[in-house]
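Single-structure report; data block below.
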Amino acid sequence: MKKIDSIIHARNWDETRSVLQAHEVSATLREVKTFGRTPAKEHVYRGVRYQLEVTPELELTALVRDDSLEAVVQALLGVNPDAEIQVSSVECFSRSREQRRAPQPRAIAVRAVPVAVPVPRAVHA
């Protein structure tokens, strides 16, 4: 099983949701503000200039079976060509409800594994 973490623009959420539903993948979505990915934008509000340095975006986290990983990543890149996608391996997965029933709780271990994914734009360090 693999874990996909991705930062996407809010305007692309409806298309991303339909792609995930087509691949029968459920996900967790968080509203985040990113810093440093895009240059600061200058705005004028009531005669005062200020720079907007953070960008509101969405963080998507999904668990995907190994056999459908490549198809899901390619579909996400098709909808969000400028998305940052990170893939990591999930060794074990446990829900809190299962831990109450089990006499000994199972450990959750996540190990980052590099996966070859085409990058649509240059990444600045």
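No lab work stands behind these numbers, since they all come straight from the coordinates. What you see is a predicted model; the values in this text were computed from it and never measured. Don't worry about glycine lacking a Cβ; one is built from the backbone with ideal geometry, like all the others, and counts go over all protein chains shown.
Normalised by the number of residues in segment 6-76, the average gap of Cα pairs under 8 Å and 6 or more apart makes the relative contact order 42 percent.
In this rough spin-label picture, where each label sits 7 Å from Cα along the Cβ direction, the residue 91-residue 32 distance is 2.4 nm. Taking 19 Å as the straight-line reach from the Cα of residue 41, the lysines in range (excluding those fewer than 8 positions away in the same chain) are 33.
Which residues among segment 1-27 fall inside the zone where the amide N is under 14 Å from a point 7 Å beyond the Cα of residue 70, along Cα→Cβ? Residues passing the 14 Å test: none.
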